[in-house]
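Values in this text are rule-based calculations from the coordinates and carry no lab data. Keep in mind that this is a model prediction, so the values were computed, not measured. Note that each Cβ is placed from the backbone with ideal geometry, even for glycine, and that neighbours are counted across all protein chains shown.
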Amino acid sequence: MKISVLHAYSDSNKGDLAIVLATVKALKSNAPHVQIYLHSVYAASDPNFSFHHRHIAGHVDEVCSHSIPSPYIDDAAHSALRNVLAAARLLRDSGKHYLNLILGPTKFLRNRSNELIQQSDLVLLKGGQYIYSDQGGLRGVLYLWRVLSSIHQSAQQGKRVVIMGQSLGPLPDGLPGRMVAKALRKCELVVVRERLSLELAQRLMHGNTASKLVLAPDFAFLIEPREPANYSEKFAFLDDGDWIGVTVVNWYFPGSPDVAAARRNYETQIIEACVQLHRAHGFRVALFPQVTVRHHGESDLDLLKRISDALEARDVPVRTVVDDLAPEQLSYLYGRCRVLIGTRLHSCILAAVASCPVVAIRYQGFKTEGVMAELGMSEHVLDISHLEASDLTSKVTELAESRTDVKRKIDDRVAQMRKDLSDLVGDVLSEDAA
């Protein structure tokens with residue numbers, strides 16, 4: 001059996017890596033001789049292409065660039081010139097893609113992604129949240145068109161198309177919703193990871209669910225924590241005292257009337273909460289860069305550096321983990337914390353599989369509140385745009401004081417999620433075998 005897995009992002013995004021790694025391992029567990037082709041959103045011309053897939057490359061048979069990859073081939077901040085160059089690359093790549101489909105491969109039109117999809121028995125769109133349009137206008141429509149084009153291509157070639165573990169939206173009214181609805185109808189199976197996305201998909205399709213809609217957990221719940229080999233050398237500080245873990249997001253606050261002020265407030269409230277927690281309970285702070293790939297010229301590390309400097313200036317013990325860890329190793333470290341304050345959704349998931357209670361900060365769409373609800377922790381979600389240090393402090397304190405009971409509840413939910421995911425993958429592959 002040959003399977004194409006689409007829309008792989010960067011291994012520097014540990015959440016995305018966790019999804020892909022868990023998906024690949026689940027496929028191999030159910031079909032040991034399967035061949036897996038990973039299609040990256042990055043262009044092969046991106047100077048960091050190999051680095052983006054440094055961890056996952058050893059787990060799949062081939063990594064190639066998407067048939068129409070991201071037109072941005074660097075990590076610089078957005079500018080008018082950068083956008084013009086990206087538009088030119090998008091026009092070039094889409095033209096070559098469609099000529100390749102019409103004329104077949106030639107010396108100048110070879111498209112490895114198209115070839116591998118043609119060879120595949122099954123096309124999977126990996127889990128995550130990338131079917132959305134939060135910018136509006138032409139740019140938002142072009143992004144959606146690029147993301148959804150592989151569904152139309154695969155279906156036209158008669159391939160089984162399955163979307164795995166998606167959070168859908170946000171989607172403005174009008175064309176974006178119609179584009180997504182049309183693509184969903186061409187899929188054999190659409191798996192969403194929380195109820196709000198399920199309801200959105202049902203509304204978009206007006207009850208016409210020719211493609212089957214299924215609710216299932218995020219694939220990262222299959223990750224098993226693993227102690228880093230250099231734990232005693234690099235991370236033993238987590239055994240000394242009680243630590244609060246923190247992950248952040250370099251967020252651009254779409255729709256905010258004052259983006260700079262919104263970002264400052266987000267940073268300030270996290271800093272103030274950490275100061276209050278240290279003064280009230282003696283908690284120390286461990287900062288984790290869940291994502292180090294740059295977006296709009298910055299990564300989570302830039303934000304963590306500012307938070308670390310502010311905490312040190314106020315005499316709060318703080319450490320920043322900067323090692324390039326696998327998701328299993330990162331999960332193990334989260335498990336050493338008393339509580340995790342997680343903005344990055346998959347830091348919350350990786351903490352949960354390591355039995356660590358989580359206060360989640362929601363920043364985009366339905367994904368955070370939906371996943372936390374499935375964990376039975378919907379009361380411990382705060383919104384990034386209305387974050388208050390006092391709320392954060394009280395929720396962390398509550399979880400820290402009831403950690404044993406919360407841990408038991410999390411462990412029960414995670415065990416059931418793993419079983420559900422294993423059954424889902426088995427069902428998908430058994431249908432292919434049939």
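Taking every C-alpha pair closer than 8 Å and separated by at least 6 residues, the mean separation divided by the residue count of the stretch 2-222 gives a relative contact order of 19 percent.
Between HIS281 and ASP258, full extension at 0.36 nm per residue minus the direct alpha carbon distance yields a gain of 4.8 nm.
Once the Cα atoms of helix 80-103 and of the chain are each reduced to a long axis, what angle between those two axes, in degrees from 0 to 90 to the nearest 10, is obtained? For helix 80-103, the angle is close to 40 degrees. One decimal place: the segment GLU312-LEU81 gains 79.3 nm when fully extended, by the rule 0.36 nm per residue minus the C-alpha distance.
Between beta-carbons, use under 12 Å as the cut-off and find the net charge around GLY140, counting Lys and Arg +1, Asp and Glu -1. Its environment carries a net charge of +1. Averaging 1/r over every pair of different alpha carbons in the chain and inverting the result gives a Kirkwood radius of 22.4 Å.
The mean sequence separation of alpha-carbon pairs under 8 Å and at least six residues apart, normalised by the residue count of the stretch 231-415, gives a relative contact order of 23 percent.
Secondary structure note: in the chain, about 5% of the DSSP beta bridges are antiparallel. When the Cα positions of ALA400, GLY137, GLN416 are compared along the charge dipole of the chain, GLY137 comes out farthest toward the positive end, with charges on each C-beta of Lys, Arg, Asp and Glu. For the pair the stretch 316-332 / the stretch 152-216, the C-alpha centres are spaced 35 Å from each other. Multiplying the residue separation of LYS419 and ARG203 by 0.36 nm and removing their Cα-Cα distance gives an extension gain of 74.9 nm.
Annotation: the stretch 152-202 has a Kirkwood hydrodynamic radius of 11.6 angstrom, from the mean reciprocal C-alpha pair distance. Over the stretch 210-268, all Cα pairs binned in 5 Å intervals from 0 give whole-percent P(r) values of 4, 11, 11, 12, 11, 13, 16, 13, 7, 2, 1, 0, listed from short to long. Estimated from the Cβ-Cβ distance and a Förster radius of 25 angstrom, the FRET efficiency linking LEU215 and LYS28 is about 0.55. Inter-part distance, the stretch 350-366 to the stretch 17-40, computed on C-alpha centroids, equals 24 Å. The orientation-averaged shadow of the Cα convex hull for the stretch 186-243, equal to a quarter of the hull surface, comes to 6.8 nm².
Give me the net charge for the shell around GLN364: Cβ to Cβ below 13 angstrom, other residues only, Lys and Arg +1, Asp and Glu -1.
Taking every Cβ under 13 Å from that of GLN364, the sum is -1.
Principal-axis analysis of the Cα atoms of the chain puts helix 137-156 at an angle of about 60° to the longest axis. With a Förster radius of 51 Å applied to the C-beta separation of LEU138 and ALA236, the computed FRET efficiency comes to 0.45. Between 0 and 90 degrees, the angle of helix 389-401 with respect to the longest Cα principal axis of the chain falls at about 80 degrees. A Cα-only calculation for the stretch 192-290 places Rg and Dmax at 20.5, 57 Å. Reported to two decimal places, what Rg/Rh ratio describes the stretch 1-159 when computed on Cα atoms with Rh from the Kirkwood expression? That ratio equals 0.95.
Relative contact order, percent, of the chain when contacts are C-alpha pairs under 8 Å separated by at least 6 residues?
Reported as a whole number, the value is 16 percent.
Equivalent ellipsoid of the stretch 231-415: semi-axes from √(5λ) of the C-alpha gyration tensor, largest first, are 22, 19, 17 Å. The eigenvalues of the Cα gyration tensor, multiplied by 5 and square-rooted, give the stretch 90-221 an equivalent ellipsoid with semi-axes of 26, 18, 13 Å from largest to smallest. Treating only the Cα positions of the stretch 307-434 as identical point scatterers, give the base-10 log of I(q)/I(0) from the Debye formula at each q in 0.09, 0.18, 0.21 Å⁻¹. Here the Debye-derived log intensity ratios amount to -0.31, -1.07, -1.33.
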